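Right, one structure below, let's go through it.
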Amino acid sequence: MNFEYYGVVLDDKSHNLALEKTSHLRPEDWKVFAHHMTITHRADRDTTLQEWAETHLGEVFTLKAVRVGISDKALAIEVQSDVPSSKAIKHVTIATSRDGKPVESNYIKKWFEVEPFNLTGVITRI
């Protein structure tokens, strides 16, 4: 089966909330994403996570935002959830610098706690 990734794709309300909660940290010229939390990417080749995602396609899950991370290339929100992920830190990439890519969120070192808030999304295969 061909796929780019499986993820929890945020609904519009959660997308907007994630942007609102991080607007003070996001440089104006950065590319905005705030789209999903990755379960597994095609490059991960994790069949266990792929099978889990396939059995839950279309289901709605809550992601609890607990920290925000930033580097010179990416801004992300760390989330806690029952949804498994191949990523060391479960997160939603909020934005990247002009020369950054969403994968840069995996390399953020500077994280700080925020007042927790909930995001919701649907398990999706892209």
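The values are calculated or read from the model by the stated rules, or taken from the named source; none is laboratory data. All of these numbers come straight from a predicted model, not from anything done at the bench. FYI the Cβ positions are ideal-geometry reconstructions off the backbone, even for glycines, and counts take in every protein chain you see. Please note that ligands, DNA and RNA were not included when accessible areas were found on the heavy atoms of the full protein model with its side chains. Shrake-Rupley method; radii C 1.70, N 1.55, O 1.52, S 1.80 Å.
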### Query
How about segment 29-46: which of its residues are surrounded by 18 or more Cβ atoms within 10 Å (Cβ to Cβ) and among the aliphatic types (A, V, I, L, M)?
34, 37, 39
### Message
Scan segment 3-20 and tell me whether some residue there is at pLDDT 95 or above, assigned to a strand (DSSP E or B), under 18 Å from residue 73 (Cβ atoms) and touching a strand residue (DSSP E or B) at 6+ places or on another chain (Cβ under 7 Å).
### Response
no
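One line per residue, one yes/no per condition, for (1) in a strand (DSSP E or B); (2) open to solvent by 60 Å² or more (accessible area, probe 1.4 Å); (3) at pLDDT below 95:
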site: 27; (1), (2), (3): no, no, no
site: 50; (1), (2), (3): no, no, no
site: 55; (1), (2), (3): no, yes, no
site: 61; (1), (2), (3): yes, no, no
site: 67; (1), (2), (3): yes, yes, no
site: 72; (1), (2), (3): no, yes, no
site: 76; (1), (2), (3): yes, no, no
site: 79; (1), (2), (3): yes, no, no
### Query
Quick one: would you say residue 118 is out of contact with any helix residue (DSSP H, G or I) (no Cβ under 6 Å at 6 or more places or on another chain), over 23 Å from residue 1 (Cα atoms) and not in a strand (DSSP E or B)?
no
### Summary
The lone condition residue 98 fails out of (1) without any contact (Cβ under 8 Å) to a residue 60 or more places away in the chain; (2) more than 17 Å from residue 122 (Cα to Cα); (3) part of a loop (DSSP other than H, G, I, E, B) is (1)
### Where a residue in segment 106-118 is open to solvent by less than 90 Å² (accessible area, probe 1.4 Å) and its partner, wherever it lies, is assigned to a helix (DSSP H, G or I) and among the basic types (Lys, Arg), with Cβ under 8 Å and at least six apart
114/21; 117/21
### Query
Would you say residue 123 is more than 16 Å from residue 26 (Cβ to Cβ) and open to solvent by less than 20 Å² (accessible area, probe 1.4 Å)?
yes
